[in-house]
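A quick write-up on the structure given underneath.
The values are calculated or read from the model by the stated rules, or taken from the named source; none is laboratory data. Please read these numbers as outputs of a predicted model, since none were measured by experiment. As a convention, Cβ positions derive from the backbone with ideal geometry for all residues, glycine included, and neighbour counts pool all protein chains shown. The protein model used for the area step is the full one, side chains on, heavy atoms only, and it has no ligands, DNA or RNA in it. Shrake-Rupley method; radii C 1.70, N 1.55, O 1.52, S 1.80 Å.
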Amino acid sequence: MKIIAFDASAMAVAVAAGEVSARELVDASLAHIAATDGQVNAFTETTAARARAEADAVDAQRARGETLGSLAGVPYAVKNLFDIEGLTTLAGSKVNQGLPAAPADAVLVTQMKTAGAVLVGALNMDEYAYGFTTENTHYGPCHNPHDLTRVAGGSSGGSGAAVAAGQVPVTLGSDTNGSIRVPSSLCGVWGLKPTFGRLSRRGTYPFVHSIDHLGPMASSLAGLGLAYDALQRPDPLDPGCHALHVQPVSPSLHKGTAGLRIGVLGAYFQDNAGPEAREAVALAGRTLGAQSEVLWPDAALARAAAFIITASEGGSLHLGDLRTRADDFEPLSVDRFIAGALQPVDWYLRAQRFRRVYRDKVNTLFKDWDVLLTPATPVSATVIGTEWLELNGVRQPCRAAMGLLTQPISFAGCPVVTAPMWPAGTSGLPIGVQIIAAPWREDLAFRAAQMLVNAGVAHIQPVTL
């Protein structure tokens with residue numbers, strides 16, 4: 001088989017040109033998963049028979065001279081909260097093991113298949129998406145491919161680790177408070193949290209209905225854009241999908257940043273970032289010609305309100321099982337679910353009222369700025385089992401602290417591209433930079449990200465396992 005770059009865009013081009021078959025790409029992916037996943041633990045299940053059948057269908061299309069999809073033959077995998085026809089949707093839990101198999105694929109899985117991508121499996125995650133490290137008791141912790149003693153981030157840890165380990169070039173994850181951006185940052189891969197309501201959530205296991213986002217992770221920015229474009233479609237059957245039409249980003253990827261007003265978030269976002277994270281953002285800011293420091297409104301209050309809503313909706317969703325099967329829940333999250341179920345409803349209502357005011361303040365900010373930069377995580381990946389970290393002289397609970405810089409952004413619903421950066425002082429570990437744009441302007445975040453690619457400062461680093 002001809003050597004093809006570990007990049008969804010390059011793979012799709014090679015398949016369309018007949019330089020490699022979809023079946024060859026999928027067999028290579030499955031073989032690499034088998035050889036490496038004992039160390040990484042990114043996958044909870046592989047779908048080899050389905051993958052080979054889908055790959056053969058792509059190759060048959062090409063043999064007939066038919067037009068291929070934009071991701072034809074590209075292997076990918078999904079966080080195990082996406083429905084896969086014939087498999088039980090685990091959502092990282094033990095409780096869900098007794099549920100019947102999904103009768104159909106999730107909408108986004110269907111979209112990927114339509115684009116010609118080939119599903120090779122389901123990925124490890126924090127139970128019910130409640131966590132930032134994927135230290136899952138039921139299925140084992142997911143290991144960071146850059147240092148197997150460290151966390152991969154979460155809750156989409158398997159999604160980040162599978163890309164970083166070279167197992168697949170594209171994965172799908174979910175992000176409520178940072179669950180795409182945190183593993184993208186810690187694993188050194190590209191990630192996208194789209195605008196809230198942009199992509200259909202139908203056919204996925206929920207965590208927090210009023211904040212959940214879905215999105216892709218990838219080994220390249222071009223691959224991330226192709227996946228995002230393929231995932232878009234209005235879905236009138238999903239009341240949480242507010243998109244009215246498709247707005248692809250790939251055609252505008254190389255338009256550059258001329259005329260864009262770019263700033264770096266200060267105050268809260270500097271105070272809660274370690275020196276290496278601040279260095280990563282400073283490099284991105286210099287590369288993009290960021291004009292000045294910008295104050296994001298009410299960031300600390302937004303994080304507090306996000307915690308309240310997360311706990312309340314999560315606890316309410318699982319209340320029945322918490323009453324009868326509490327011992328079957330993840331020890332790292334069960335107390336938070338129970339506490340959330342016991343919160344006064346007035347707290348939840350006040351947090352949602354604040355959110356409306358907060359969102360208006362954030363949207364006003366984008367009258368003066370097009371793109372804003374801040375770290376995705378305050379530090380690089382910590383050792384598995386770490387309970388506390390010291391951040392700028394303040395002792396913080398380690399797992400919760402990984403969401404310090406992501407929660408205020410998703411609470412406003414803004415789109416974010418996470419760019420993998422490699423600052424000094426982290427022993428070769430990455431820290432991602434969030435590239436934030438106004439709602440529905442993913443294209444601007446992608447344009448800025450492409451300039452970081454062009455300058456050579458944002459990229460993935462291959463690992464040897």
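Placing +1 on the Cβ of every Lys and Arg and -1 on the Cβ of every Asp and Glu, with nothing else charged, gives the chain a dipole about its Cα centre of roughly 920 debye. The helix-only estimate of mean residue ellipticity at 222 nm for the chain, built from DSSP H runs of length n ≥ 4 each weighted as -39500 (n - 2.57), is -11500 deg cm²/dmol after division by the residue total. Near THR137, within a Cβ-to-Cβ distance under 11 Å, what is the net charge of the other residues, with Lys and Arg +1 and Asp and Glu -1? Here the count lands on -4. Using equal-weight Cα scatterers in the Debye expression, the normalised intensity of the chain in log10 at q = 0.06, 0.08, 0.11 Å⁻¹ is -0.22, -0.40, -0.79. DSSP assigns beta bridges within the chain; of those with both partners inside it, close to 70 percent run antiparallel.
Dipole check for region 152-293: with +1 at the C-beta of Lys and Arg, -1 at the C-beta of Asp and Glu, and the Cα centre as origin, the magnitude is about 260 Debye. Would you tally the net charge around VAL26, using a Cβ to Cβ cut-off of less than 12 Å, leaving VAL26 out, and scoring K and R as +1, D and E as -1? For residues surrounding VAL26, the net value is -2.
Tell me, what is the per residue accessible area of the chain in Å², probe radius 1.4 Å?
Result: 36 Å² per residue.
For q = 0.15 Å⁻¹, what log10 I(q)/I(0) does region 154-302 give under the Debye formula with an equal point scatterer on each alpha carbon and no solvent? Evaluating at q = 0.15 Å⁻¹ gives log10 I(q)/I(0) of -0.96.
With each label modelled as a point 7 angstrom along the Cα→C-beta vector, the ALA300-ALA35 pair spans 5.1 nm. Placing unit charges on the Cβ atoms of the charged side chains and taking the dipole of the chain about its Cα centre, the candidate lying farthest along the positive direction among GLY188, ALA267, TRP347 is ALA267. Around the amide H of SER200, modelled in the peptide plane, lie the amide H atoms of ARG233, all under 5 Å away and 5 or more residues distant in sequence or on another chain. Remark: spin-label model distance VAL383-ASP147 equals 1.0 nm, labels positioned 7 Å along the Cα→Cβ axis.
According to the Cα-based calculation, Rg over Rh for region 28-173 is 0.99, with Rh computed by the Kirkwood formula. Longest stretch of the chain clear of exposed loop sites (GluC sites (Glu not before Pro), DSSP loop, at most 12 other Cβ atoms within 10 Å, sites excluded): 67-386.
The share of accessible area on the chain that comes from carbon and sulfur is 55 percent, using a 1.4 angstrom probe. Pairs of alpha-carbon atoms within less than 8 angstrom and 6+ residues apart define the contacts here; what relative contact order does the chain have, in percent? So the answer I get is 17 percent. Multiplying the residue separation of GLU19 and THR324 by 0.36 nm and subtracting their alpha-carbon distance yields 104.2 nm. Dipole orientation for the chain: of the candidates ASN80, GLN461, LEU108, LEU108 has the Cα lying most toward the positive pole (charges on Cβ; Lys, Arg +1; Asp, Glu -1). Think of region 237-360 as having a plus end and a minus end, set by charges on the Cβ of Lys, Arg, Asp and Glu; of ILE338, ILE309, VAL357, VAL357 sits farthest toward the positive end of this dipole.
The per residue volume of the convex hull around the alpha-carbon atoms of region 267-425 is 130 Å³. This model, with +1 at the C-beta of Lys and Arg and -1 at the C-beta of Asp and Glu, gives region 50-184 a dipole about its Cα centre of some 140 debye.
For region 354-437, the relative contact order is 38 percent, taking Cα pairs closer than 8 Å that sit 6 or more residues apart in sequence and dividing their mean separation by the residue count. Label sites at ASP368 and LYS255, each approximated as a point 7 angstrom past Cα along Cα to Cβ, lie 2.4 nm apart.
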